[in-house]
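Can you keep this structure in mind? I'll have questions shortly.
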Amino acid sequence: MTHVVVEQITFNYPGTRTPVIRGMSLVMDKSEIVGVLGRSGSGKSTLLRLLAGLETPAAGRIAIGGRTVFGGGVFVPPEARGVGMVFQDYALFPHLTVARNIAFGLHRLPRAKRAERVRQMLDLARLEGLADRYPHELSGGQQQRVALARALAPGPELLLMDEPFSNLDAELRAAIREELRGILKRSGTTCLLVTHDRQDVSAICDRTILIGGDAAEEAAIALAGAAHR
């Protein structure tokens with residue numbers, strides 16, 4: 001079932017003539033994990049910002065969950081798009097516990113439902129026993145899982161992840177990749193992940209889009225990811 005549609009979007013930053021993104025199209029199925037692989041400056045993070053509504057395309061259309069959020073005179077603001085984001089630095093609130101970090105986007109829920117949703121996210125992300133700890137008391141992998149649980153708690157239509165493993169060492173990175181894929185699949189979340197690391201997309205993503213690469217590399221990535229499909 002088609003869940004995300006990007007049609008012929010183009011974007012360039014003010015004061016520049018060369019588009020960062022030109023005529024890009026993308027279709028994602030519900031619960032699919034799609035990776036965008038490319039070098040620095042290729043437009044990966046800009047694509048996430050366009051989907052989130054933090055930047056506005058010059059042309060094209062974006063639809064998420066069957067609803068147009070940009071195009072044809074429509075612009076849905078970021079807070080109304082149902083999009084979650086996990087940043088490179090996790091952006092956890094240092095003065096809040098794990099539980100309160102996860103609950104941050106659930107303020108509209110009644111207290112009992114909010115507490116139940118937090119418990120569900122702690123279980124999903126395998127953070128049981130860490131609810132009352134603060135971010136500085138956690139490992140890098142645990143911090144990442146808290147950031148993921150916080151992003152998933154409101155039940156987003158689309159989760160966007162920007163270089164989610166850049167702050168982890170190589171050994172931890174390998175272990176967390178598998179955990180992350182499991183969490184996303186258990187939650188049934190549609191996810192777009194951008195990275196410059198080929199091993200990230202091969203380990204996690206159902207499908208990969210290559211920006212600024214060659215056909216041979218794209219074929220190798222497709223073959224490496226085939227085991228997930």
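Taken together, the values in this text are just the output of simple stated rules run on the coordinates, not laboratory data. Given the structure is predicted, the values throughout are model-derived calculations rather than measurements. Glycine gets a Cβ as well: all are built from the backbone with ideal geometry, and neighbour counts include every protein chain shown.
To test your reading of the geometry: what angle, between 0 and 90 degrees and rounded to tens, separates the Cα axis of helix 215-225 from the longest principal axis of the chain?
30
Something else: Between G140, L158, Y90, whose Cα lies farthest towards the positive end of the dipole of the chain when Lys and Arg beta carbons carry +1 and Asp and Glu beta carbons carry -1, centred on the Cα centre?
Checked the options; the winner is L158.
A further question on this structure: Taking the mean number of other Cβ atoms within 10 Å as a proxy for protection, how do you rank 148-161, 113-126, 7-20 from highest to lowest?
Details: 148-161: 22.2, 113-126: 17.2, 7-20: 12.9.
For the peptides 148-161, 113-126, 7-20, the packing ranking is 148-161, 113-126, 7-20.
Please give the helix 111-124 orientation as an angle from the longest Cα principal axis of the chain, in degrees from 0 to 90, rounded to the nearest 10.
Taking the Cα atoms of the chain, the angle to 111-124 is about 70 degrees.
How much length is gained on full extension from A80 to K113, taking 0.36 nm per residue of separation minus their Cα-Cα distance?
Between A80 and K113, full extension yields an extra 9.8 nm.
Among V20, T56, V118, which residue has its Cα positioned farthest towards the positive end of the charge dipole of the chain, with +1 placed on the Cβ of Lys and Arg, -1 on the Cβ of Asp and Glu, and the dipole taken about the Cα centre?
V118
Relative contact order for the stretch 95-155 using alpha-carbon pairs under 8 Å, separation at least 6, rounded to a whole percent? Numbers along the way, then the final one.
Details: 60 pairs, mean separation 31.8, N = 61.
In percent, rounded to a whole number, it is 52.
From Cα pairs below 8 angstrom and at least 6 apart in sequence, can you work out the relative contact order of the chain, rounded to a whole percent?
Values: 412 pairs, mean separation 59.8, N = 229.
Worked out over the chain, it gives 26 percent.
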